[in-house]
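Report on the following structure.
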Amino acid sequence: MSNPPPAGKLYSYYRDSGISPTFGSLQTEADLDRFCEQRARIFTLKLQMPPEMFRDARLLEFGPDTGENALAFARWGARIELVEPNTAVWPQLQAYFRHFGLENQLLGLHDKPIQEFAPAEQADIVVAEGFIHTVKPEKQWIDVVRQAVRPNGYLILFYYERRGLLMEVFHAALYREFRRMAGQKGPDAARRLYGAKWDAIAHVRRFNSWVMDVLENPYTHSQFTLDAPRLIQMMAESDFELHQSWPRYRDDLRMQWHKAPESPSSIAAEVDSHLQRSALSHALGRTLYCIGDNASVAAVGRQVDELLHAVDQALDVGGRQAWTSVAKGFVGLQSSIDRDNTIYAPSAEARRSAKAMLDSASRCATLAADGDAERLATFANADQSFVSFWGQPAHYSVFRKRARTDL
Ligand SMILES: C[S@@+](CC[C@H](N)C(=O)[O-])C[C@H]1O[C@@H](n2cnc3c(N)ncnc32)[C@H](O)[C@@H]1O
């Protein structure tokens, strides 16, 4: 990375650029009801943490931004302490709690970043969504949450996953190359390139906020991600066992006697094998599970990693050579998807559409290598496969802190 931003200081980027990345402008009780319902669906169906688990819980949330998620936790009955180092968002956050009559559930608000925070009391549930991947080395925040969560309590993380970030970095790199080629900056350049893509889905957030939070954000880089297999391993070594994740990290197809003991290390090994087989699914945000032998699993993983490296290069330095490697990398993944004894896809149509999306990505990369801004913008707005793919960069993991009496 040419000029990497300092680790753990994403909040300075938000403060200095004056953005509240997740501000949802909730006004009425009905707005908050809708928001809470959407969160309840995620927490119940995806993470196996229904709102009832939050009733009377002591909850500590790091990085709440303007506090929409915290309002939902408070509505579910949690008593909350918040840690938000970007104090510019505090007035909105506090106004929200007053406006919705939830201020009695707000126990405290602190201005330290997570890596400097010393928890005074242990919480039943600790939450860190949307920034934890930028705090390095990971030990800094793991030590804090290990202290902050009570035994048998839960830790909820939402983060950019390393391989999952592929398409997000690709979008950022393409935008930055387009900016250089077209001699134009910011939301206007982004609209020219991604107007049709953005308009194709119903967003809650504003376009400019996406531009600043993803495309312009110096922390959009695979250096600032969490590698899922490594995360599970590190957490297992720090007394945290995986409760649930989205996408699924446990191999839900495994067959074993329900009473068979599972140790933290056997779970970590099973998760690692499942995650290696999920490399392509995570990179492209589609179900493309590797069913080949160990050698082909490793080969597909390498292909994804090499492409990710090429996209990082395109982001950092750009230019013909970097973009030619990116184009080749996408073509390479296409031929892996073609082999149905290596990659499972849910249907022939799913396989076809994944290949079409890789073809579009490779064509964009070739136009970027040619330095042709006009043709790139025309293609990016007209090609339906390009318009409709986004990938799935962000993952959830929920951990339970083991009690001393656990096996
Ligand atoms: C992308 S926003 C996510 C907001 C909210 N948690 C959500 O997921 O909707 C990230 C938030 O984390 C905060 N943040 C960034 N670095 C942090 C750090 N080292 N410690 C605590 N909070 C941090 C930012 O100021 C910002 O409010």
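The values are calculated or read from the model by the stated rules, or taken from the named source; none is laboratory data. Predicted model only: the values in this text are computed from it and were never measured. Quick reminder, even Gly has a Cβ in these numbers, built from the backbone with ideal geometry, and neighbours come from all protein chains shown. Quick note on the areas: whole protein, heavy atoms, side chains included, nothing else; ligands and nucleic acids left out. Shrake-Rupley method; radii C 1.70, N 1.55, O 1.52, S 1.80 Å.
Structure values in brief
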read-out: Complete set of residues in the range 22-55 that are open to solvent by 20 Å² or more (accessible area, probe 1.4 Å), more than 11 Å from the ligand (Cβ to nearest atom) and part of a loop (DSSP other than H, G, I, E, B); value: Ser25, Leu26, Gln27, Thr28, Gln48, Pro50, Arg55
read-out: Single unsatisfied condition, Ala377 versus (1) modelled with pLDDT of 95 or more; (2) over 21 Å from Tyr194 (Cβ atoms); (3) open to solvent by less than 40 Å² (accessible area, probe 1.4 Å); value: (2)
read-out: Residue check, Arg75 touching a Pro at 6+ places or on another chain (Cβ under 9 Å), more than 23 Å from Gln140 (Cβ to Cβ) and among the basic types (Lys, Arg); value: yes
read-out: Residue match in the range 301-315 (condition: in contact with a strand residue (DSSP E or B) (Cβ under 9 Å, 6 or more places away or on another chain) and either without any contact (Cβ under 8 Å) to a residue 40 or more places away in the chain or farther than 17 Å from Cys364 by Cα (or both)); value: yes
read-out: Test: residue in the range 199-211 that is open to solvent by less than 50 Å² (accessible area, probe 1.4 Å) and among the polar types (S, T, N, Q); value: yes
read-out: The range 102-129, subset under 18 Å from Pro51 (Cβ atoms) and of a type outside the set (A, V, I, L, M, F, W, C), residue farthest from the chain's Cα centre (by Cα); value: Gln105
read-out: Pair list, Cβ < 6 Å and 6+ apart or interchain, from the range 82-105 residues that are touching a residue at least 24 places away in the same chain (Cβ under 8 Å) to residues that are among the hydroxyl-bearing types (Ser, Thr, Tyr) and surrounded by 14 or more Cβ atoms within 10 Å (Cβ to Cβ); value: Pro85/Tyr11; Asn86/Tyr11; Asn86/Tyr14; Val89/Ser20; Val89/Thr66; Gln92/Thr66; Leu93/Thr66
read-out: 2 or more residues within 10 Å of the ligand (Cβ to nearest atom) and open to solvent by less than 60 Å² (accessible area, probe 1.4 Å): qualifying helices (runs of 4 or more DSSP H) within the range 56-168; value: 68-75, 139-148
read-out: Count of residues meeting criterion [touching a residue at least 12 places away in the same chain (Cβ under 8 Å), more than 9 Å from the ligand (Cβ to nearest atom) and closer than 22 Å to Ile132 by Cβ] in the range 8-21; value: 2
read-out: When residues of the range 212-229 are limited to those that are open to solvent by less than 10 Å² (accessible area, probe 1.4 Å) and among the hydrophobic types (A, V, I, L, M, F, W, C), the one farthest from Arg400 (Cα to Cα); value: Leu215
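Residue-wise test of (1) open to solvent by 20 Å² or more (accessible area, probe 1.4 Å); (2) of a type in the set (D, E, K, R).
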site	(1), (2)
Leu231	no, no
Ser238	no, no
Tyr249	no, no
Met255	yes, no
His258	yes, no
Ser263	yes, no
Arg277	yes, yes
Ala299	yes, no
